[in-house]
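The values are calculated or read from the model by the stated rules, or taken from the named source; none is laboratory data. Keep in mind the model is a prediction, meaning the values are calculated, not measured. In this analysis, Cβ positions are derived from the backbone assuming ideal geometry, glycine residues included, and neighbour counts consider all displayed protein chains. For accessibility, only protein heavy atoms count, side chains too; no ligands or nucleic acids. Shrake-Rupley method; radii C 1.70, N 1.55, O 1.52, S 1.80 Å.
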Amino acid sequence: MKRAAGLSAGLALLCGGTGCGGGLPLLHPAQTLAQGDVRAEAGFSGNIAVGDLANAVTQAQADQNATGGAPTNPGSDPTFAKGAIVLASAAPGLAPIGGARVGMGWQSEGGIVYTGRAIRFDVRHAFTLSDRWALSLGVGGSSVLYGHQSDGVLSNVTLSQIHGWGADVPLLVGYQSAGELYSIWLGARGGWEQVDISDVTSEPKSVTLGNPPVPLSATRFWGGGLLGFAVGFRHVHVALELDAAYQIINGSYNSTTVPQISGVTLAPATALWWDF
């Protein structure tokens, strides 16, 4: 029952957080593109917090509703602070995807993807295991973009003023059919991200732009697995991927330090590929 309730809460957060978060999927097979080949992609990604992570946000909403709106002293309520940290760091929601990848030769590839909340750059190298199987190892860096999110379901959590950095390392193994009609890949992925909600100043005068938000800082470490599939013909394919990750989050909201929060997120994604 608790698991079902957590999943239901997570789905509600996904629907209610549309445009506020979203996952940062790979959406590429283990095989790399040939030198000079380019692949563009467009689609959608979701990020669903389940279990304890979803409960943290719904309990913060309950505290907010019990007081008839925003807390009179933001950060003085540990339950609200915990929900604020999860909402900012785990980023449940739905977002568009747009990106491109290019083959660099020597079985290497680089890519860039934008997901509404963040932008990610990566490079990777593939190792041929057989005619149809390959293994790839990559490294990615991401930036959480200031001003690219709408404010969420909690008052005084100004997601439109969030910014931050992250990195991740994916390892994939995958199969690709003759003629590249379909591909399947699975793998492991781990990463780190630091986000802050704080004043942004102009240089050199250090003048605050807009209203000062309630300060928030969160560090997130995560690791998990993924499974993906793509099918198509010649230059057009449809790709699907599901990422599952265990999240460990620490942080502070205004005057309240939040103890370690941990839990699982699910990130389904789909995109249409065009190869050139």
Exercise. Does segment 101-131 hold any residues that are under 26 Å from His163 (Cα atoms) and not basic (Lys, Arg), and which are they?
Worked result: Gly110, Gly111, Ile112, Val113, Tyr114, Thr115, Gly116, Ala118, Ile119, Phe121, Asp122, Val123
For this session: Could you check how many residues of segment 79-93 are open to solvent by 10 Å² or more (accessible area, probe 1.4 Å) and modelled with pLDDT of 90 or more?
Result: 2
Exercise. Since Glu193 meets every condition but one in (1) open to solvent by 60 Å² or more (accessible area, probe 1.4 Å); (2) more than 30 Å from Phe233 (Cβ to Cβ); (3) at pLDDT 95 or above, which condition does it not meet?
Worked result: (1)
For this session: Assess whether Val102 counts as being without any contact (Cβ under 8 Å) to a residue 40 or more places away in the chain and open to solvent by 30 Å² or more (accessible area, probe 1.4 Å).
Result: no
Seminar exercise, completed: Across (1) more than 18 Å from Gly99 (Cα to Cα); (2) among the hydrophobic types (A, V, I, L, M, F, W, C); (3) surrounded by 16 or more Cβ atoms within 10 Å (Cβ to Cβ), Ile119 clears everything bar (1)
Problem set entry | Residue within segment 201-215 that is in contact with a Leu (Cβ under 8 Å, 6 or more places away or on another chain), within 30 Å of Glu109 (Cβ to Cβ) and either open to solvent by 30 Å² or more (accessible area, probe 1.4 Å) or at pLDDT 95 or above (or both) present | no
Seminar exercise, completed: All-but-one check, Leu137 against (1) closer than 29 Å to Arg39 by Cβ; (2) of a type outside the set (Gly, Ala, Ser); (3) open to solvent by less than 50 Å² (accessible area, probe 1.4 Å), failing number (3)
Problem set entry | Those residues of segment 142-167 which are in a strand (DSSP E or B) and either among the hydroxyl-bearing types (Ser, Thr, Tyr) or open to solvent by less than 30 Å² (accessible area, probe 1.4 Å) (or both), in sequence order | Ser142, Ser143, Val144, Ile162, Gly164, Gly166
Problem set entry | In segment 15-33, the residues that are open to solvent by 10 Å² or more (accessible area, probe 1.4 Å) and modelled with pLDDT of 95 or more | Gln31, Thr32, Leu33
Exercise. Counting only residues that are within 24 Å of Leu186 (Cβ to Cβ) and aromatic (Phe, Trp, Tyr), which one in segment 224-273 is most open to solvent (accessible area, probe 1.4 Å)?
Worked result: Phe233
For this session: Report yes if Leu129 is surrounded by fewer than 16 Cβ atoms within 10 Å (Cβ to Cβ), farther than 30 Å from Tyr253 by Cα, touching a Lys or Arg at 6+ places or on another chain (Cβ under 8 Å) and not aromatic (Phe, Trp, Tyr), otherwise no.
Result: no
